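*Asks:* Right, I'll just put the structure down here and ask away after.
The values are calculated or read from the model by the stated rules, or taken from the named source; none is laboratory data. Treat the numbers as computed from the prediction; the structure is a model and nothing was measured. A quick note on method: Cβ atoms are made from the backbone with ideal geometry, for glycine too, and the neighbour counts reach across all protein chains shown. All accessible areas refer to the heavy atoms of the entire protein, side chains included, with ligands and DNA or RNA removed. Shrake-Rupley method; radii C 1.70, N 1.55, O 1.52, S 1.80 Å.
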Amino acid sequence: MANIFAFAEQRAGELRKVALENVTAARALADATGGEVHVLLAGSAGIAQKAEQLGKHGADVVLVCEHDALKDYNAEAIAALAADRIKSGGYRVAVFSTSAQGRDLIPRVAAKLGVGIVTDVTDARIEGDAVNVKHPVNIGKVIATASIASTPAVIGLRPGNTTLVENTKAARVEQVQPVGDPSASRVKVKEMKQGTSAKLDIGEAPVVIAGGRGLKSADGFKLVDDLADAFGNAAVGATRAVCDDGWRPHSEQIGQTGRVVSPDLYIAVGISGAIQHLAGMRTSRTIVAINRDKEAPIFKIADYGIVGDVAEVLPALTAAVREARKSH
Amino acid sequence: MKIAVCVKRVPDMDARFRISADGTSLDEAGLKFDINDFDAWAVEAALQLKEKAGQGEVVVLSLGPAAAQETIRKALSMGADRGIHLAADRIPFDGFAIARALAAELKDGSYDLIFFGKMSPDSSNGIVGPIVAELLDYACVTAISGLEMADGRGTAKRELEGAQEFVEFTLPAVLTVDEGLNTARYPSLKGIMAAKKKTLESKPAQLGDTMVTIKSLAMPPDRPPGKIVGEGAAAVPELVRLLQTEAKVL
Ligand SMILES: Cc1cc2nc3c(=O)[nH]c(=O)nc-3n(C[C@H](O)[C@H](O)[C@H](O)COP(=O)(O)OP(=O)(O)OC[C@H]3O[C@@H](n4cnc5c(N)ncnc54)[C@H](O)[C@@H]3O)c2cc1C
Ligand SMILES: Nc1ncnc2c1ncn2[C@@H]1O[C@H](COP(=O)(O)O)[C@@H](O)[C@H]1O
């Protein structure tokens, strides 16, 4: 029997989808050995209300830490708290996400515990004395199976890679205290500029419409925005080429030096399909490419392709998607 | 200001990788190696701070086989002052082991800032910098795409999912560098000549125990072959039909 720890990421008091992914994955690990799932949820007063949602995805215990200084992500305080809980709980695996916050948090936690860590994990199993994980290396061109020999093993899941499963548990809520003074951090968030908050994030949206140089200009991206709008559940991504040109912010960049996404549907619009771009989207479930060059490498990994000019194909596709969504 | 930059020698990702007979490493024959891009931006950031201050020292560290010295030389030819090579037969996959060895060397250096790349493309882990920060008990800001230093404090910009964060930090600090912070300079001919005379010390890396090992490597499964649905707007109805009935995503 092995209990599993999971971390519940929140922003502005709302759980992020990766929080539920972590709990779902932790549940599967715990069920394989008959253990419990304990989830750490930290935030300002009132965050405890989110415990129920964590219970729905399989949390047995939600450890809630409420403190004003934990309202925003507070790296030092959260790392100290997580490491302390993991140590005292004697968990076999600690499950985090390889989100922007997770990337910052997990190595600190592993360092405090002095244990093995692997990020961007696409599969994890407890096998005998080891925790074996799949982890894409060399920008996803090779898949490593790595073995973590320590207890606990600290893992960061690839966001979007875990299909949420409801597995309702009546989660017990336990209040826990911060470690030290959370206001005393050497690193402080001074300001947070939320992007257009109405829009979905590329890491969370089930559909991602990504645009490249084929859109010709920042204004050309309106075609992509319109298609995303028609889907209603889509986020907009971009290639490095267009982020470098300032057509889109770097936070939307997908690829080797940008973000890695695995949506249900990825539509590449006017994107050539350079290997560095594929690194960020090749594990998407269904890939569609629209490009006027039938030799473009993107067609090699696309499930469906249309050879054509974006100016002609996108408006037609947007209208058709709108129609299809209406008849639902 | 005393600044260290940790740089890694990594293979060019355009290569077609082959798995060695042992099944746990890649065949290095024919691969081209260079400094990790993120680490080149880290070197650039350190050099800019030194130039702005008009004084200081930039020390470059790299852990790896003898060839890692070429990577250090590249940073020296960009303008860094001296290099430290931590010799190991090969670069282990376990980022904690790498961090431990780097921290052991950095510990007594009284550095004000230690720069890392956000991530190395071969390990795809992004963990060495923050682990070093914990081991040295330094403040740490990861994945920065903006940096201002004034009065012994810093402000850094970070890109989050759909948001930007501005954080203040105290020195000494570990910073890991994201894309967008700067554009790395190319070594000038003069820089390359000067680098040949700069100090490059080599000593064995103290890697310690490894907790994470590669059990096996495999090529990713091929995606099922796709199809060109058609040309131009005329192909849209068929695409929509496939998305609804075959892929079931609409
Ligand atoms: C170290 C390194 C890291 C990198 N990291 C990333 C990364 O994270 N993400 C990333 O995306 N890139 C990255 N790149 C850059 C990458 O190599 C490519 O340069 C980039 O992805 C190309 O962007 P693009 O497809 O928008 O542009 P292009 O390669 O210029 O392709 C434009 C495409 O649009 C098509 N097109 C043109 N006009 C039309 C039209 N009217 N209708 C339809 N189609 C049209 C063209 O046929 C072409 O295929 C990296 C490169 C390096 C060296
Ligand atoms: N062998 C190494 N020698 C020096 N620095 C390294 C080494 N490996 C990793 N680093 C540093 O740690 C960063 C993150 O690497 P990683 O955790 O492997 O993604 C790199 O960008 C480098 O700055």
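*Asks:* The conditions are (1) outside any helix (DSSP H, G or I); (2) surrounded by fewer than 21 Cβ atoms within 10 Å (Cβ to Cβ); (3) hydroxyl-bearing (Ser, Thr, Tyr); (4) more than 22 Å from the chain's Cα centre (by Cα), and A:Ser88 fails exactly one of them. Which is it?
*Replies:* (1)
*Asks:* Check whether at least one residue in segment B:104-117 is surrounded by 24 or more Cβ atoms within 10 Å (Cβ to Cβ) and within 16 Å of ligand 1 (Cβ to nearest atom), and report yes or no.
*Replies:* Taking every residue of segment B:104-117 in turn, at least one turns out to be surrounded by 24 or more Cβ atoms within 10 Å (Cβ to Cβ) and within 16 Å of ligand 1 (Cβ to nearest atom).
*Asks:* Could you identify the single residue in B:Leu239, B:Leu189, B:Leu200 that is out of contact with any Pro (no Cβ under 8 Å at 6 or more places or on another chain) and open to solvent by 40 Å² or more (accessible area, probe 1.4 Å)?
*Replies:* B:Leu189
*Asks:* Looking at (1) closer than 22 Å to B:Phe38 by Cα; (2) within 7 Å of ligand 1 (Cβ to nearest atom); (3) over 14 Å from the mean Cα position of the chain (by Cα), can you tell me which one A:Arg292 breaks?
*Replies:* Condition not satisfied by A:Arg292: (1).
*Asks:* Determine which single condition B:Lys227 fails, assuming it passes every other condition in (1) more than 19 Å from the chain's Cα centre (by Cα); (2) surrounded by fewer than 17 Cβ atoms within 10 Å (Cβ to Cβ); (3) farther than 30 Å from A:Asp303 by Cβ.
*Replies:* (3)
*Asks:* Return only the number of the condition from (1) facing another protein chain (nearest Cβ under 10 Å); (2) in contact with a strand residue (DSSP E or B) (Cβ under 9 Å, 6 or more places away or on another chain); (3) open to solvent by less than 20 Å² (accessible area, probe 1.4 Å) that A:Ala324 does not satisfy.
*Replies:* That leaves (2) as the condition not met.
*Asks:* For segment A:118-175: of the residues being closer than 17 Å to A:Ala6 by Cα and of a type in the set (Asp, Glu), which is nearest to the other protein chains (Cβ to nearest Cβ)?
*Replies:* Per the criteria, the residue is A:Asp120.
*Asks:* Name the pairs whose Cβ atoms lie under 7 Å apart, with the first residue in segment A:272-287 and facing chain B (nearest Cβ under 8 Å) and more than 11 Å from A:Lys141 (Cβ to Cβ), the second open to solvent by 40 Å² or more (accessible area, probe 1.4 Å) and more than 9 Å from ligand 1 (Cβ to nearest atom), and 6 or more positions between them or separate chains?
*Replies:* Sorted first by the residue in segment A:272-287, then by its partner, the pairs are A:Arg285/A:Asp264; A:Thr286/A:Asp264.
*Asks:* Determine which single condition A:Gly214 fails, assuming it passes every other condition in (1) modelled with pLDDT of 95 or more; (2) more than 30 Å from A:Ala289 (Cα to Cα).
*Replies:* Here A:Gly214 meets the rest and fails (2).
*Asks:* Something else now. Filter segment A:217-240 down to the residues that are within 11 Å of A:Val269 (Cα to Cα) and either without any contact (Cβ under 8 Å) to a residue 12 or more places away in the chain or hydroxyl-bearing (Ser, Thr, Tyr) (or both) and list them by number.
*Replies:* Correct list: A:Thr239 only.
*Asks:* Continuing with this model, one more query. Take the residues in segment B:125-180 that are out of contact with any strand residue (DSSP E or B) (no Cβ under 9 Å at 6 or more places or on another chain) and either within 21 Å of B:Asn36 (Cα to Cα) or modelled with pLDDT of 95 or more (or both), then tell me which one is nearest to ligand 1 (Cβ to nearest atom).
*Replies:* This residue is B:Leu135.
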